[in-house]
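In what follows, a single structure is set out as structure tokens and then discussed.
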Amino acid sequence: MSRLFETVYILLNKKSATAQELADHFGVSRRTIYRDVDALGLAGIPVVTEKGRGGGIALMPSFVLDKALLSDGEQAEILCAMRALSGIKAQGAGGTLQKLSAIFKKNAQSWLEADFSEWGNDDDAFDGFKAAILESRIAEFDYCDADGSETSRRVEPVCLLFKHKAWYAKCFCLARQDLRLFKLARVSRLKITDARFAARDFPENDDESDAPKKPDLCFKLKIAPEMAHRAREEFGGSAQAQADGGFVVSATYPEDDWLYGYVLSFGEHAEALEPERLREIIREKAERIAARYRRE
């Protein structure tokens, strides 16, 4: 019975599979797979087989998985996921949640809430990219890179990504002819065009940022007790507690102006211990800041 259910799920996801593929997956013979297909047909599951090259085993396009094939726990997880979607203001999430609750005859328990919005931030860019993704429309916008340079972009949006406390749009950039990540906060004059695009197949790629790759810097900070809460929150278990209530933390971040600003964000409550070059850079920046405030 377990194999029959899994066969249905496989066919729902893959649309079609050969008897040999299913036999290899389950570690059984092709004859067993054909017996399973017969059993599914007798159970009312519309399974069809097609012989020859390009053929295989598939479900009728009109088939819908009955709720009875989902356990109580799986139904609850689906309802929880739909509730969490409201945190990103997914259009129709509330209505879908209500319908599924009625179908499953369950109330969606509110044990998880997610809110990715920023204080006072509008969602124009998020909503625009979401519409472009769902409708497969090309987007055009102006983009300000991390170094301050501005460019005009024309892209095929792929998905929205929440990473390191910020929203990004993963897009196929038509100018670069490659996948790129664009931080929504740096997008301006977004326009969703009427031009449509076909979905592409992309290789696995963990580094799609449009900015040039910055060298990593291993550094160590000594953080005073006044900022102990930040040390625990931002460095977790890697923060080493000190006798005075402060922490010594070690981390590796890309070296750029963001890193220098991050260290300076601790104000007088942190000291860069290593490397010496970072200490010198922070000292020079702090002196320039102090000089600016000494001007009359």
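The values are calculated or read from the model by the stated rules, or taken from the named source; none is laboratory data. Worth saying up front: this structure is predicted, and the values here are computed from it rather than measured. Cβ: placed from backbone, ideal geometry, glycine included. Neighbour counts: every protein chain shown. Calculation scope for accessible area: heavy atoms of the full protein, side chains included, ligands and nucleic acids excluded. Shrake-Rupley method; radii C 1.70, N 1.55, O 1.52, S 1.80 Å.
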Problem set entry | Test result for K191, closer than 23 Å to A286 by Cα, touching a residue at least 40 places away in the same chain (Cβ under 8 Å), open to solvent by 50 Å² or more (accessible area, probe 1.4 Å) and in a strand (DSSP E or B) | no
Seminar exercise, completed: Just one listed residue, out of V28, V8, is more than 11 Å from G56 (Cβ to Cβ), touching a Lys or Arg at 6+ places or on another chain (Cβ under 9 Å) and open to solvent by less than 50 Å² (accessible area, probe 1.4 Å), and it is V28
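Considering only region 254-296, how many residues are out of contact with any strand residue (DSSP E or B) (no Cβ under 7 Å at 6 or more places or on another chain) and assigned to a helix (DSSP H, G or I)?
Residues flagged as out of contact with any strand residue (DSSP E or B) (no Cβ under 7 Å at 6 or more places or on another chain) and assigned to a helix (DSSP H, G or I) within region 254-296 amount to 24.
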Exercise. Mind checking which residues of region 25-58 are under 20 Å from L12 (Cβ atoms), part of a helix (DSSP H, G or I) and more than 38 Å from the chain's Cα centre (by Cα)?
Worked result: Y34, D38, A39, G41, L42
Problem set entry | Members of region 248-263 found to be surrounded by 16 or more Cβ atoms within 10 Å (Cβ to Cβ) and more than 26 Å from the chain's Cα centre (by Cα), listed by number | V248, V249, Y260, V263
Exercise. Does E296 satisfy the condition of being out of contact with any Pro (no Cβ under 8 Å at 6 or more places or on another chain) and at pLDDT 90 or above?
Worked result: no
Problem set entry | Of the criteria (1) modelled with pLDDT under 80; (2) among the hydrophobic types (A, V, I, L, M, F, W, C); (3) in contact with a Ser or Thr (Cβ under 9 Å, 6 or more places away or on another chain); (4) not in a helix (DSSP H, G or I), which one V64 fails | (3)
Exercise. Take the residues of region 222-247 that are in contact with a helix residue (DSSP H, G or I) (Cβ under 7 Å, 6 or more places away or on another chain) and open to solvent by less than 60 Å² (accessible area, probe 1.4 Å): which is farthest from L278 (Cα to Cα)?
Worked result: G245
For this session: Kindly indicate whether any position in region 95-105 is open to solvent by 70 Å² or more (accessible area, probe 1.4 Å), closer than 30 Å to A185 by Cβ and either at pLDDT below 75 or not acidic (D, E) (or both).
Result: no
